[in-house]
Every structure is written in structure tokens, then in C-alpha cells.
Amino acid sequence: MNTASIPVGSIRKSGAAARFPLDRWYVAGFSSELQDQPIGRTFLNQKVVLFRTGSGEIAALEDRCCHRSLPLSCGTVEADGVRCGYHGLLYAPSGQCLEIPGQERIPSKARVRSYRVVEKDRIVWIWMPRDEDSAPAVEPPDYPHHDDPRYKFGSGMYHYKAPWQLIHDNLLDLSHLGYVHLKTIGGNARLHMNAPMKVTQDGDTVKVVRLMPGSTPPPTYRAAWPFGDTCDRWQEIEFHVSHLAIWTGAMEPGSGAIDDPRRGGFHMRGFHGITPETEDTCHYFWSMASNKHPDMPENIDTVVEQTAYTFDEDRVVIEDQYRNIADFGDRNSWMDIHVDAGANRARRIVERLLADVRPEEVAG
Ligand code: FES
Ligand SMILES: [Fe+2]
């Protein structure tokens, strides 16, 4: 089914279309981004300003001053909140206006909508509710690898001119490595395409595992770890609706079982937070955590540098792909091949979540 054809609802109070699964945590950014400036970003068609107050608390408000609609992200951050850059109204993290310069009385409607945000594992998560007051039933997901002493990580972000699910498709199908990423993490294309793929599902989570013993170490692996002619590679991809956790790496042949979760060797732990901006665009927040080889301690810089290069390559492919989808028509005309099993599972999960819309949300 074409997701674009599914009738879905809207958050009526804000008028924002909701063609995305709601009542869940999405990635709003990385902790390191929020310093002393407000950041304006659109999530799921809703314009939001993010900022960090003087006490270190992170807040998210509707990015629109209730006086004359200037984006609050054009303002400045103060100890107690964010101040509009037009006539100086000051807003608390709750969205309540705290001060109207030159006017004593603060009208009761001097407030803007606030969003729940949680900073956890160096990631800023935002709760995108179905109704303005629907509260989270769960904590944001855990991602312990940013603070794992065995790893060091680097991060980055992209704004994509393509829908979020095209990135899910890309990350759930790493068979493309041998064609798209030959300069970094690629390797033998046929080996990638022929590697058996195990796809499992647990609730709304999909796991794809591919083991590739006897692989040729690709350039990034060689730059980071003193591999010989071959290595035993693994790829474990875990899809969640808001993000993917991808654990890839390789060991020297014969140094242990590649499906052992305590395995040694060279690790790449990728975090991929993919948050829709609109139906046609999305934010992609990534990090890569890796372990150091004692003889090559600077490897992480190379790994992060080459990861960024790798993701640039993906962006070219995905944005070209989306332009062509726009030119030739939607994905109803796609034919599937064997590598699509994981991506199609993820698409079915999102379709089910989108179809689960209350009747009053469908009309209009
Ligand atoms: S528009 Fe914000 S204070 Fe006037
Ligand atoms: Fe890729």
C-alpha cells in the first residue's frame, strides 16, 4: 500500500497534518548542539524552537511568538527562557510568557505550546503527541554507546530532501555497500549481495543480521585496524520507528565467533535518528562510535571522517532516487528483490501505525 494514500488525521488544535506515527519520541538533535542560541526546526510538520536555559534545562516550544508570530528561534536565550527578537516577550520552558517589556499585566493567553523534551545519552528526544496533552507512556529509548568507555564517537546531521522512509530502506539493506561505498566501507559487491540475511521482528522492532566470513577488509576497516587479507564481518541492524542502531564490524579470521555479542575486533556502532520534517523532507542525526586498536589509537577520527563521507554518498543516492520517484510516480510500481525483506517489514510497521487513526481524526 502506498503510505501517501492512507487517510490520516491531524492534531486539530495545531492544524498540523499528521502523516507520521504520533505519540512517540523522536530525535530532535544532539545535546552538543544546544549551547547559547535557540534552534528552529520543523518536526512532523510542526515548527519548534529548542533552547537550553541557564540552569541547563532543555526546552521545546512552538516556534511562534503569540504577539505577532515572529519565530522564537530568531530571538535570544536567557537564564529563564527564550526572548522574542521583535518586542521582547520572554517565554519560560513551559511556554508561559514571563515578561512583556513595558507592560505589567500578562494576559492569560500570553503563552505558546510546549513540547516534552528529554536529554538522554547525549541525544535530545522530543515527544510528538497525538493530542497536545497526550503524555508519554514510556521513557525515550536507551543508547548507551555514546558513554561506553570502550568507544569514542563523532556525530553529524543532515537535512534531507527526501522522505524519512527512504533512509530506513537504505539502512535496513546494507547490500548496497558494495556498490555505493567502495571507497570506505564497501568491499566485494557480490559477497554483500549473496550474504544470507536473517530478518526477525519483535513488536515494532525489526532486526536484520548478516554475517560475512572471509570478506576483503574495505578501506575504512584497513585504516582503523591492522587486518590482513581477509576478515570476518558482521552487520546487525536494529530498526525502531524513530531511529536505527547499527552494529557492524569485523574480526581477524579464526579469532572468535562473529555472532558472539561479546566479540572482539573492530566495531562501528552507528546511531541513526531519522525524524520527518515534512512528507518530503527529514532530519537525519547520526553518530559513529568505534573502538581503538592499541597500535592505531587515532583510528576513530578516520572512522568518523570516512563515515561522514559514506553518508554523503548515501544522500546523493537517496535524493536522486526521490527526485526520480517524483518524476516517474510513486512506489506502487516497485518490484522487490531478496535484499528488501528487512526494509519491507519496517514499512509494514509504519503503515500499520499510520492506519491506526481514530475516526474523528480522519475526516477533513
Ligand atoms: S512578535 Fe514577539 S514580541 Fe512582538
Ligand atoms: Fe549507505
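The values are calculated or read from the model by the stated rules, or taken from the named source; none is laboratory data. As the structure is a prediction and not an experimental result, all values here were calculated from the model. Here the Cβ is made from the backbone with ideal geometry for all residues, glycine too, and neighbour counts use every protein chain on show.
Here are some conditions: (1) within 24 Å of residue 135 (Cβ to Cβ); (2) surrounded by 19 or more Cβ atoms within 10 Å (Cβ to Cβ). Residue 114 meets all but one. Which one does it not meet?
Exception for residue 114: condition (2).
Taking region 237-258 as the region of interest, how many residues are touching a strand residue (DSSP E or B) at 6+ places or on another chain (Cβ under 6 Å) and without any contact (Cβ under 8 Å) to a residue 60 or more places away in the chain?
Number of matching residues: 7.
Residue 171 versus (1) under 21 Å from residue 30 (Cα atoms); (2) surrounded by fewer than 21 Cβ atoms within 10 Å (Cβ to Cβ); (3) assigned by TED's automatic domain parsing to the domain that holds residue 256; (4) not charged (D, E, K, R): which is the lone unmet condition?
The one condition residue 171 does not meet is (2).
If residue 118 passes every condition in (1) free of Cβ contacts under 8 Å to residues at least 24 places away in the same chain; (2) touching a strand residue (DSSP E or B) at 6+ places or on another chain (Cβ under 7 Å); (3) aliphatic (A, V, I, L, M) but one, which one does it miss?
The number of the failed condition is (1).
Given 124, 199, which one is surrounded by 13 or more Cβ atoms within 10 Å (Cβ to Cβ), over 14 Å from the mean Cα position of the chain (by Cα), modelled with pLDDT of 95 or more and more than 16 Å from ligand 2 (Cβ to nearest atom)?
199
Which numbered condition in (1) surrounded by fewer than 20 Cβ atoms within 10 Å (Cβ to Cβ); (2) more than 16 Å from ligand 2 (Cβ to nearest atom) is the only one that residue 267 fails?
Failing condition for residue 267: (1).
Considering only region 129-168, state which residues are within 14 Å of the chain's Cα centre (by Cα) and among the aliphatic types (A, V, I, L, M).
157, 162, 166, 167
Name the residue, out of 140, 149, 144, that is crowded, with 20+ Cβ neighbours inside 10 Å, over 28 Å from residue 230 (Cβ atoms) and out of contact with any helix residue (DSSP H, G or I) (no Cβ under 7 Å at 6 or more places or on another chain).
Checking each option against the conditions leaves just 140.
Cβ-Cβ below 8 Å, separation at least six or inter-chain, first residue in region 289-308 and in contact (Cβ under 8 Å) with a residue 40 or more places away in the chain and more than 22 Å from residue 171 (Cα to Cα), second surrounded by 16 or more Cβ atoms within 10 Å (Cβ to Cβ) and among the hydroxyl-bearing types (Ser, Thr, Tyr): which pairs?
299/290
Restricting attention to region 65-111, report how many residues are among the charged types (D, E, K, R), surrounded by 15 or more Cβ atoms within 10 Å (Cβ to Cβ), within 13 Å of ligand 1 (Cβ to nearest atom) and within 33 Å of the chain's Cα centre (by Cα).
2
How many residues are assigned to a helix (DSSP H, G or I) and either charged (D, E, K, R) or surrounded by 21 or more Cβ atoms within 10 Å (Cβ to Cβ) (or both) when one looks only at region 204-228?
Number satisfying all stated conditions: 4.
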